[in-house]
Amino acid sequence: MCRPLLRATRVRASGRKKSLAGGGGHAFEHLSNTYSGIQLYWLQAALKLPLKPASRVLVGSSGAAENGSPMSGGYAGAKRMLWFMANYANKIAEQKRLGIRFQAIVPQQIIGGTGVGDEASAAYAGARGIEREAFLAQFGAPLPPRAFGDYVIAVLDDPQYAKGFAFGLKGDTGITVLEGDAA
């Protein structure tokens, strides 16, 4: 089942609405850990097929992997773990001479206009006693879902990003190489 899906899919996005309210983020943490497990299977499948040489697999992380996320339990750690897993997958791909590359996409701000982004921004704004819009404004220019998608496609299509490992996406700055080389 994974084989046709991996071959036919250039960009994969997975998300599920998670609750930040109450319980110290435990429900959110459980779903984040489940998502990390799903990503592990995805990476393993990409290594086993194998994909065509010069293929790239993008792993969705979060700015929380760098800055933390105090209201969401283990979310930040789970998102950082995705960086480690992609790095390990790169080493395996090199050892096996597969010619494929794993890269991390790291939104550097909460993305309003999405279920998870709206819920997270509302929870953090509420905790600070400010409006959601004021909380989101702290990130600078918004990063609408369409712009986020355009940046992801640019990472895949623009040769300058072929050798980088982790890419930050932000409304103000666009695409930034966080780790690895840029051409």
Next item on the list: Six or more apart or on different chains, Cβ under 9 Å: which pairs go from a residue in the range 70-88 that's under 18 Å from Gln103 (Cα atoms) and hydroxyl-bearing (Ser, Thr, Tyr) to one that's at pLDDT 85 or above and crowded, with 16+ Cβ neighbours inside 10 Å? Could you list them?
Entry: Tyr88/Leu43; Tyr88/Phe102
Checklist line | Out of Leu20, Leu51, Leu43, sole residue that is at pLDDT below 95, more than 19 Å from the chain's Cα centre (by Cα) and crowded, with 19+ Cβ neighbours inside 10 Å | finding: Leu51
Check: Name the pairs whose Cβ atoms lie under 8 Å apart, with the first residue in the range 34-60 and part of a strand (DSSP E or B), the second among the basic types (Lys, Arg) and crowded, with 19+ Cβ neighbours inside 10 Å, and 6 or more positions between them or separate chains?
Finding: Arg56/Arg101; Val57/Arg101
Next item on the list: Just name the residue that is nearest to Glu94 (Cα to Cα) out of those in the range 162-171 that are modelled with pLDDT under 95 and outside any strand (DSSP E or B).
Entry: Lys163
Note to self: Return the pair list, or none, for Cβ contacts closer than 7 Å from residues in the range 159-174 that are within 23 Å of Met85 (Cα to Cα) to residues that are surrounded by fewer than 17 Cβ atoms within 10 Å (Cβ to Cβ) and of a type in the set (Asp, Glu), at least 6 apart or on different chains.
What the structure shows: Lys163/Asp181; Gly164/Asp181; Phe165/Glu179; Ala166/Glu179
Note to self: Go through (1) surrounded by fewer than 20 Cβ atoms within 10 Å (Cβ to Cβ); (2) closer than 19 Å to Gly68 by Cα for Gly174 and report which single condition fails.
What the structure shows: (2)
Next item on the list: Among the residues of the range 64-75, write down those that are surrounded by fewer than 21 Cβ atoms within 10 Å (Cβ to Cβ) and either within 17 Å of Leu178 (Cα to Cα) or at pLDDT 90 or above (or both).
Entry: Glu66, Asn67, Gly68
Checklist line | Count - residues of the range 113-136 that are part of a helix (DSSP H, G or I) and surrounded by fewer than 13 Cβ atoms within 10 Å (Cβ to Cβ) | finding: 5
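The values are calculated or read from the model by the stated rules, or taken from the named source; none is laboratory data. Only a predicted model underlies this, so the values are computations on that prediction, with no experimental measurement involved. FYI the Cβ positions are ideal-geometry reconstructions off the backbone, even for glycines, and counts take in every protein chain you see.
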